[in-house]
Amino acid sequence: MTSNRLFGKKALVTGAGSGIGLAVAQRFAAEGAKVYFADINVDAAAKAAAEAGTDRAVPVRVDVSDETSVTEAFSLASKDEALDIVVANAGVQLFGQDAKVGDLDLEVWERTMAINQRGAFLTLKHAVRAMENRGGSIIVTGSPTAVVACGQTFTAYTSSKAGVHGLARVVAADYAAEGIRVNIVVPGYTETPLVQTIADDPESRAGLVNATMLGRAGTAADVEGIMVYLASDDSAYATGGIFTVDGGLTAL
Ligand code: NAD
């Protein structure tokens, strides 16, 4: 159900070509915002934007690990007027490569950090610049792995997401006086292409589903509502917060 809660606002969502970012960007557009669907896979971003069915949905290519690319995407998105909402959501989890620390290749660590952690840093750096003298809402997609062990051995992914949580907190503190709010959304096990490896393995999937209070996997649509709340003025007093949407996973 939509209610035009973001009417007149301008947003940029990274990782909008798939999964959570796609669902959130399409929902923002349905709520009345102009939305830049930013992704390294520009064809996927273009398809997602076209599906939104409005000329307020605009695809843009970005590689969040590359500052030149992030600069270009933000200058396109904030060309005419500033951005009100930025969702730093693009991320990777390298299944089959990320491992226990003693078995982890440096290259896998570096690749994960480059996209998840450096990517969030560059996105927030250019987001605060695009919101200068105006304020706005920044949302980062965190992870339960930054909060609890989750029984997993994803050393690089866990470390990258812990960094993202820390980054969001410090940026929230540093930019509150400028009217910029920064919050962390923590989805639980959410069935998107990112975690297809888990979905394909009945034992792993059952382990995660059974670890929730609600007894089911999340969907990208489950994450939309909290993102709309944090993007909207309804959350005017929320900053530096962690908003968990995990079916009770981390509370059990
Ligand atoms: P997804 O794989 O469905 O989508 C990720 C998107 O990010 C893809 O469209 C991909 O092309 C894009 N991307 C990858 N590298 C990029 C780069 N360098 N620059 C720009 N875009 C890039 O994954 P998802 O499940 O929707 O994940 C979105 C976010 O949610 C990630 O940060 C992920 O860590 C986080 N998350 C996911 C889950 C889950 O269970 N799915 C749980 C907690 C957190």
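Please report, ordered by residue number, the helices (runs of 4 or more DSSP H) entirely within the stretch 104-198 with at least 2 residues that are within 22 Å of R61 (Cβ to Cβ) and open to solvent by 20 Å² or more (accessible area, probe 1.4 Å).
Values: elements: 106-112, 119-130, 155-175.
Ranges flagged: 119-130.
Criterion first (under 20 Å from G142 (Cβ atoms) and charged (D, E, K, R)) does D98 satisfy it?
When the stated conditions are applied, D98 passes them.
Residue by residue through the stretch 21-42, note down the ones that are of a type outside the set (F, W, Y) and within 10 Å of the ligand (Cβ to nearest atom).
The initial filter retains those residues of the stretch 21-42 that are of a type outside the set (F, W, Y), namely 21-27, 29-35, 38-42.
Listed by number, the residues that qualify are G21, L22, A23, V24, A38, D39, I40, N41, V42.
Check S18 against each of (1) more than 7 Å from the ligand (Cβ to nearest atom); (2) surrounded by fewer than 24 Cβ atoms within 10 Å (Cβ to Cβ); (3) among the small types (G, A, S) and name the one condition it does not meet.
The single condition S18 does not satisfy is (1).
When you go through A199, A156 one by one, which is the residue that is within 15 Å of the ligand (Cβ to nearest atom) and more than 20 Å from the chain's Cα centre (by Cα)?
Values: A156 fails: more than 20 Å from the chain's Cα centre (by Cα).
A199 is the lone residue from the list that is within 15 Å of the ligand (Cβ to nearest atom) and more than 20 Å from the chain's Cα centre (by Cα).
Test of understanding: among G119, G142, G136, which residue is in contact with a His (Cβ under 8 Å, 6 or more places away or on another chain), of a type outside the set (V, I, T), at pLDDT 95 or above and closer than 23 Å to F28 by Cα? First the steps, then the outcome.
Numbers: G119 fails: in contact with a His (Cβ under 8 Å, 6 or more places away or on another chain); G136 fails: in contact with a His (Cβ under 8 Å, 6 or more places away or on another chain).
Of G119, G142, G136, the one residue that is in contact with a His (Cβ under 8 Å, 6 or more places away or on another chain), of a type outside the set (V, I, T), at pLDDT 95 or above and closer than 23 Å to F28 by Cα is G142.
Open to solvent by less than 30 Å² (accessible area, probe 1.4 Å), part of a helix (DSSP H, G or I) and of a type outside the set (D, E, K, R), is that true of A99?
Values: open to solvent by less than 30 Å² (accessible area, probe 1.4 Å): yes; part of a helix (DSSP H, G or I): no; of a type outside the set (D, E, K, R): yes.
When the stated conditions are applied, A99 does not pass them.
Hey, can you tell me all the residues within the stretch 54-86 that are modelled with pLDDT of 95 or more, open to solvent by 40 Å² or more (accessible area, probe 1.4 Å) and either over 23 Å from A114 (Cα atoms) or aliphatic (A, V, I, L, M) (or both)?
If the condition is that a residue be modelled with pLDDT of 95 or more, open to solvent by 40 Å² or more (accessible area, probe 1.4 Å) and either over 23 Å from A114 (Cα atoms) or aliphatic (A, V, I, L, M) (or both), then D55, R56, L76 are the ones that fit.
Here is a check on your reading of the model: is G218 in contact with a Phe, Trp or Tyr (Cβ under 8 Å, 6 or more places away or on another chain) and closer than 30 Å to K10 by Cβ? Before you say what the answer is, go through the steps one by one.
Details: in contact with a Phe, Trp or Tyr (Cβ under 8 Å, 6 or more places away or on another chain): yes; closer than 30 Å to K10 by Cβ: yes.
When the stated conditions are applied, G218 passes them.
Of the numbered conditions (1) more than 15 Å from the ligand (Cβ to nearest atom); (2) farther than 26 Å from G179 by Cα; (3) assigned to a loop (DSSP other than H, G, I, E, B), L83 fails exactly one; give the number of that condition.
(2)
The values are calculated or read from the model by the stated rules, or taken from the named source; none is laboratory data. What you are looking at is a predicted structure, and each value in this text was computed from that prediction instead of being measured. Counting neighbours? That spans all protein chains shown, and the Cβs are built from the backbone with ideal geometry, glycine included. Note: accessible area is taken over every heavy atom of the protein model, side chains too, but ligands, DNA and RNA are not part of it. Shrake-Rupley method; radii C 1.70, N 1.55, O 1.52, S 1.80 Å.
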